[in-house]
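Undergrad: Please see the structure below; I have some questions.
The values are calculated or read from the model by the stated rules, or taken from the named source; none is laboratory data. Only a predicted model underlies this, so the values are computations on that prediction, with no experimental measurement involved. Here the Cβ is made from the backbone with ideal geometry for all residues, glycine too, and neighbour counts use every protein chain on show. Please note that ligands, DNA and RNA were not included when accessible areas were found on the heavy atoms of the full protein model with its side chains. Shrake-Rupley method; radii C 1.70, N 1.55, O 1.52, S 1.80 Å.
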Amino acid sequence: MAKHWADFQYEIYLNGMTGAVPRLPTDLTRLEEMAEQRLGPGPVGYVAGSAGNGSTARANRAALDRRRIVPRMLRDVHERDLSVEVLGRPLPAPLALAPVGVLSIMHPEAETAAARAAAAQGVPFILSSASSTPMEQVAEAMGDAERWFQLYWAKDREVTRSFLDRAKAAGFSALFVTLDTPLLAWRPRDLDQAYLPFLHGVGTANYFSDPAFRAGLAKPVHEDPNAAVMHFVGMFADPAKTWPDLEFLRENWDGPIVLKGVLHPDDARRAVNAGMDGVVVSNHGGRQVAGSVAAADALPRVVEAAGDRLTVLFDSGVRSGDDIYKALALGARAVLVGRPYAYGLGLDGQAGVEHVIRCLLAELDLTLALSGHSGPTTLGPDDLAEETV
Ligand SMILES: Cc1cc2nc3c(=O)[nH]c(=O)nc-3n(C[C@H](O)[C@H](O)[C@H](O)COP(=O)(O)O)c2cc1C
Ligand SMILES: CC(C)CC(=O)C(=O)O
């Protein structure tokens, strides 16, 4: 019998018999405020912030909230199984941790703690190129657990080649290429505090440890760390890239390649033509294009364009199990979650990230069961109604 993630609720109640209550809230929307009180406005502002006046991030939430679940009754849900296949891999649940850069601003154990949490719960961890921990260290902490690598497609081809080689050698099985960040967006919350984490003693050790990256520096990192950061800022992404450039990645990566940040159905068709394996329908959690379409509103059209030719994943605004349910009903195979686990990490390290994963999946399990589904595979658009205000 598959694991029932919902059992977490009775574990919490039973622990309560000895006076223990969860160290973190089980409504994950409360984490941001707690994290800000504990960790201060700079780091939490960076994590919480978004592009422009925040309208994209708000639209992400509104698009999920506007869709309502239409539960079905009397459908035998006593045995449930949340497992799905993603990119040819069996996963225990339709969830992965999104790539989030420089996690050392949240916790000293940074990506290592988050990756351990993912491994402990059986959820894939997507490591950011901009990790504050070298990818080999993160991989070692994960044993043989499922890990995927997110690529910022650098201007310097040798850095990209080096990252791909390192990721392969470190056992990352899939490549997520982020397309929506050819430049860093206008982010007022960071600009108003003049806070860019890379310049606050954090650096991005994943680049700084890379021989091809270091070869481009005039001075060693320790002699001029700010110059190294500015070199990173100038080269980590390449606004000159176009669709034919994907051939280079296809030639240099044997495993699945997923394009992250696709919102237009024509771009999904282009992904198919370029031989890609999947897309993440995402607007980067509202952090890139101010005024962008909400990710959940873009999802159905991308799903339709992809047909069965691409694995369609989803992120941007997911804060609860019912949000995951809605994204799956709109056609996503699985979802990624970003900020909630970053706050969990900041507040309680590995245990905090595990708490976030367990809350999301317990709530998903219960939402499915209470709505008449024994697993994600039977969900469809008919399980949702759209509120018109
Ligand atoms: C602090 C922070 C850093 C991020 N860094 C990266 C990154 O390095 N690479 C990337 O592809 N996406 C990055 N993202 C975007 C996430 O992968 C994901 O698309 C987004 O967080 C999803 O929205 P959510 O935070 O509402 O769940 C970052 C997001 C945040 C909040
Ligand atoms: C710009 C990156 C290095 C990090 C990122 O993706 C983000 O802050 O959203």
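Undergrad: Within the range 276-361, which strands (runs of 3 or more DSSP E) (wholly inside it) include 1 or more residues that are farther than 30 Å from E109 by Cβ and at pLDDT 95 or above?
TA: Working: elements: 278-281, 311-314, 334-337.
Ranges flagged: 278-281, 311-314.
Undergrad: Out of the residues in the range 226-251 that are small (G, A, S) and more than 20 Å from D165 (Cβ to Cβ), which is surrounded by the most Cβ atoms within 10 Å (Cβ to Cβ)? Show your work before the answer.
TA: Within the range 226-251, the subset small (G, A, S) is 227-228, 234, 237, 240.
Narrowing further to those that are more than 20 Å from D165 (Cβ to Cβ): 227-228, 234, 240.
Numbers: A227: 13, A228: 24, G234: 11, A240: 7.
Going through the qualifying residues, I end up with A228.
Undergrad: Quick check on my filter: what residues within the range 25-71 are in contact with a strand residue (DSSP E or B) (Cβ under 9 Å, 6 or more places away or on another chain) and open to solvent by 70 Å² or more (accessible area, probe 1.4 Å)?
TA: Listed by number, the list holds a single entry, R68.
Undergrad: If you take the residues in the range 300-318 that are surrounded by 24 or more Cβ atoms within 10 Å (Cβ to Cβ) and not polar (S, T, N, Q), which one is farthest from the chain's Cα centre (by Cα)?
TA: Filtering the range 300-318 down to residues surrounded by 24 or more Cβ atoms within 10 Å (Cβ to Cβ) leaves 302, 312-318.
Okay, now just the ones that are also not polar (S, T, N, Q), so 302, 312-315, 317-318.
Numbers: V302: 18, V312: 14, L313: 10, F314: 9, D315: 7, G317: 10, V318: 10 Å.
Among residues in the range 300-318 that are surrounded by 24 or more Cβ atoms within 10 Å (Cβ to Cβ) and not polar (S, T, N, Q), the one farthest from the chain's Cα centre (by Cα) is V302.
Undergrad: Turning to a different aspect of this structure: In the range 230-251, what residues are within 16 Å of ligand 2 (Cβ to nearest atom) and touching a residue at least 12 places away in the same chain (Cβ under 8 Å)? Full working, then the answer.
TA: Taking the range 230-251 as the starting set, the residues that turn out to be within 16 Å of ligand 2 (Cβ to nearest atom) are 230-239, 241.
Passing the criteria: H231, F232, V233, G234, M235, F236, A237, D238, P239, K241.
Undergrad: Here's something else I'd like to know. Regarding the range 265-281, can at least one residue be identified that is within 16 Å of ligand 1 (Cβ to nearest atom) and under 29 Å from G203 (Cβ atoms)?
TA: Yes, because at least one residue in the range 265-281 is within 16 Å of ligand 1 (Cβ to nearest atom) and under 29 Å from G203 (Cβ atoms).
Undergrad: Where residues in the range 252-297 are within 16 Å of ligand 2 (Cβ to nearest atom) and more than 19 Å from P99 (Cα to Cα), which of them is surrounded by the fewest Cβ atoms within 10 Å (Cβ to Cβ)?
TA: Once the filter is applied, the top-ranked residue is A290.
Undergrad: Do the conditions hold for T133, that is, is it under 29 Å from L95 (Cβ atoms), crowded, with 22+ Cβ neighbours inside 10 Å, hydroxyl-bearing (S, T, Y) and within 16 Å of ligand 1 (Cβ to nearest atom)?
TA: Values: under 29 Å from L95 (Cβ atoms): yes; crowded, with 22+ Cβ neighbours inside 10 Å: yes; hydroxyl-bearing (S, T, Y): yes; within 16 Å of ligand 1 (Cβ to nearest atom): yes.
Judged against the criteria, T133 is a match.
Undergrad: For residues that are polar (S, T, N, Q) and within 19 Å of V262 (Cβ to Cβ), tally how many sit in the range 167-203. Explain how you work it out, then say what you get.
TA: Initial filter on the range 167-203 (polar (S, T, N, Q)): 173, 178, 181, 193.
Keeping just the survivors that are within 19 Å of V262 (Cβ to Cβ) gives 178, 181.
The qualifying residues number 2.
Undergrad: Which is in contact with a strand residue (DSSP E or B) (Cβ under 8 Å, 6 or more places away or on another chain), within 15 Å of ligand 1 (Cβ to nearest atom) and either touching a residue at least 60 places away in the same chain (Cβ under 8 Å) or not charged (D, E, K, R) (or both), of L127, L91, L87? Don't jump to the end; show me each part of the working.
TA: Numbers: L91 fails: within 15 Å of ligand 1 (Cβ to nearest atom); L87 fails: within 15 Å of ligand 1 (Cβ to nearest atom).
It is L127.
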